[in-house]
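One structure below.
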Amino acid sequence: MPLLFDPLKLGALTLENRIVIAPMCQYSAKDGHATDWHLMHLGTLGLSGAGLVIVEATGVEPEGRISPADLGLWDDATEKTLADTLARVRAQLPAGGHVKYGIQLGHAGRKASTARPWEGNHQVAEADGGWVPYAPSALPFRNEDVAPIALDDAGLARVRTAFADAARRAARIGFDAVELHGAHGYLLHQFLSPLSNARTDQYGGSLENRMRFPLEVYDAVREALPAHIPVIMRVSATDWVDGGWDVEGTIAFSQALKARGCDAMHVSTGGLSPLQKIPVGPGYQVPHAEAVKAATGMTTIAVGLITDPKAAEDILQTGKADAIGIARGILYDPRWPWHAAAELGATMTAAPQYLRCQPSGLRQLFR
Ligand SMILES: Cc1cc2nc3c(=O)[nH]c(=O)nc-3n(C[C@H](O)[C@H](O)[C@H](O)COP(=O)(O)O)c2cc1C
């Protein structure tokens, strides 16, 4: 059996295989609420054959959205809509419900949308009642962006609580896993990187201080969740800018998370600085996942232009990572795991109803 189709344990959770659909914003939520698009999209991903689907970056408070049309999980109403959506999706999946659903909880910090969304189906600009984003320091992403407000102690406490509350809601909804968005230049990453964190209090300066708030958020989320729900941390292992966040810092952060029982690291890169120069190519972020895994022994998910099943299998066989994250590849080929299974000679067990009713015709195409 190829390793790609070997089960993987994340804490108490067992994934049927090692294919993880990475979170992808759908820009289709309405005032934080899931819509029929999510029903269709998450249903499609549920039939993909992947072991874990991580639902898109979901704002823990309205001011933490990347776009006005991001999902939110900040009140009873958004929780109910997402709970209904997930329940309706799961009701249609093959018996046994092999696919697991996780959710990425995030806060965009200085990269948040400043528009108050969806009033009469169009965005309301900041001047008409939007907001100024929050961040570790009053440093905008781009010079031309509005300078964010540096979070004070009350703001930090509010955001920590918002993460924990959203995690509690995710558990109530029935998500199998929670991923924290510590990557791509959003709030938690902004604390880690010296390029966006110029604080002079206990949350800025030394590496230990810069890691403090993201670790506090992790602790609050871990405490809010029942023990059977694993927590994954998504990181950008480098800012791809001199003087920025780097692999050494990522390893130290991973070690601190490992000591706290974090179940896996999902290793991406970039997003913190507009000056980044990323050498994009097949598997370009795999060395970062490999470095984290080698230094910490943690379960790692490698991601970034891994589209060839044999290359994915090779990453696992050579011990560079424990699971493969795939995003655009799934949009291009929503049955990528089935096709990978056929190419690698593996057997998939989850079968939609049409396969069971039409065994002779369709089984020749699916393994
Ligand atoms: C449409 C789209 C939306 C994305 N939204 C998110 C997101 O919500 N959270 C996140 O961490 N990454 C997001 N990403 C990044 C992906 O998760 C992934 O890291 C990246 O696309 C590289 O993987 P790939 O080469 O398999 O696409 C998004 C990517 C795409 C293409």
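The values are calculated or read from the model by the stated rules, or taken from the named source; none is laboratory data. It should be emphasised that the depicted structure is a prediction, and the values quoted were computed from it without experimental measurement. Virtual Cβ from ideal backbone geometry, glycine too; neighbours counted across all protein chains shown. The protein model used for the area step is the full one, side chains on, heavy atoms only, and it has no ligands, DNA or RNA in it. Shrake-Rupley method; radii C 1.70, N 1.55, O 1.52, S 1.80 Å.
Test residue 291 against the stated conditions and say whether it is buried (at least 19 other Cβ atoms within 10 Å of the Cβ), at pLDDT 95 or above and away from the ligand (no atom under 16 Å from the Cβ).
Details: buried (at least 19 other Cβ atoms within 10 Å of the Cβ): yes; at pLDDT 95 or above: yes; away from the ligand (no atom under 16 Å from the Cβ): yes.
So residue 291 fits the description; yes.
Could you look through segment 300-315, keep only residues that are outside any strand (DSSP E or B) and buried (at least 20 other Cβ atoms within 10 Å of the Cβ), and pick out the one that is nearest to the ligand (Cβ to nearest atom)? Explain how you work it out, then say what you get.
So in segment 300-315, the residues outside any strand (DSSP E or B) come out as 304-315.
Subset that is buried (at least 20 other Cβ atoms within 10 Å of the Cβ): 304, 306, 309, 312-313, 315.
On the way: 304: 5, 306: 6, 309: 13, 312: 10, 313: 16, 315: 13 Å.
Checked segment 300-315; the qualifying residue nearest to the ligand (Cβ to nearest atom) is 304.
Kindly evaluate residue 68 against the criterion of being open to solvent by 10 Å² or more (accessible area, probe 1.4 Å), assigned to a loop (DSSP other than H, G, I, E, B) and farther than 25 Å from residue 265 by Cα. Yes.
Listed here are the residues, each with its yes/no results for (1) within 16 Å of residue 100 (Cβ to Cβ); (2) among the aromatic types (Phe, Trp, Tyr); (3) in contact with an Asp or Glu (Cβ under 8 Å, 6 or more places away or on another chain); (4) within 12 Å of the ligand (Cβ to nearest atom).
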residue	(1), (2), (3), (4)
11	yes, no, yes, no
25	no, no, yes, yes
39	no, no, no, no
46	yes, no, no, no
49	yes, no, no, no
60	no, no, yes, no
68	no, no, no, no
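Only a single criterion out of (1) within 21 Å of residue 243 (Cβ to Cβ); (2) open to solvent by 10 Å² or more (accessible area, probe 1.4 Å); (3) out of contact with any strand residue (DSSP E or B) (no Cβ under 6 Å at 6 or more places or on another chain) is not satisfied by residue 186, namely (3).
Which residues, taken from segment 13-23, are within 12 Å of the ligand (Cβ to nearest atom) and either within 15 Å of residue 98 (Cβ to Cβ) or open to solvent by 40 Å² or more (accessible area, probe 1.4 Å) (or both)?
Within segment 13-23, the subset within 12 Å of the ligand (Cβ to nearest atom) is 19-23.
If the condition is that a residue be within 12 Å of the ligand (Cβ to nearest atom) and either within 15 Å of residue 98 (Cβ to Cβ) or open to solvent by 40 Å² or more (accessible area, probe 1.4 Å) (or both), then 19, 20, 21 are the ones that fit.
The set of residues in segment 189-211 being under 16 Å from residue 156 (Cα atoms), charged (D, E, K, R) and surrounded by fewer than 20 Cβ atoms within 10 Å (Cβ to Cβ) consists of 199, 201. Listed by first and then second residue, the pairs with beta-carbon distance under 6 Å, at least 6 apart or on different chains, first residue in segment 200-229 and touching a residue at least 60 places away in the same chain (Cβ under 8 Å) and farther than 19 Å from residue 73 by Cα, second of a type in the set (A, V, I, L, M, F, W, C) and in a helix (DSSP H, G or I), are 203/213; 213/191.
Any residue that is open to solvent by 40 Å² or more (accessible area, probe 1.4 Å), outside any loop (DSSP other than H, G, I, E, B) and over 17 Å from residue 192 (Cβ atoms) - is there at least one of those in segment 263-283?
We begin by selecting, within segment 263-283, every residue open to solvent by 40 Å² or more (accessible area, probe 1.4 Å); these are 274-280, 282.
With outside any loop (DSSP other than H, G, I, E, B) added as a condition, the list becomes none.
Taking every residue of segment 263-283 in turn, none turns out to be open to solvent by 40 Å² or more (accessible area, probe 1.4 Å), outside any loop (DSSP other than H, G, I, E, B) and over 17 Å from residue 192 (Cβ atoms).
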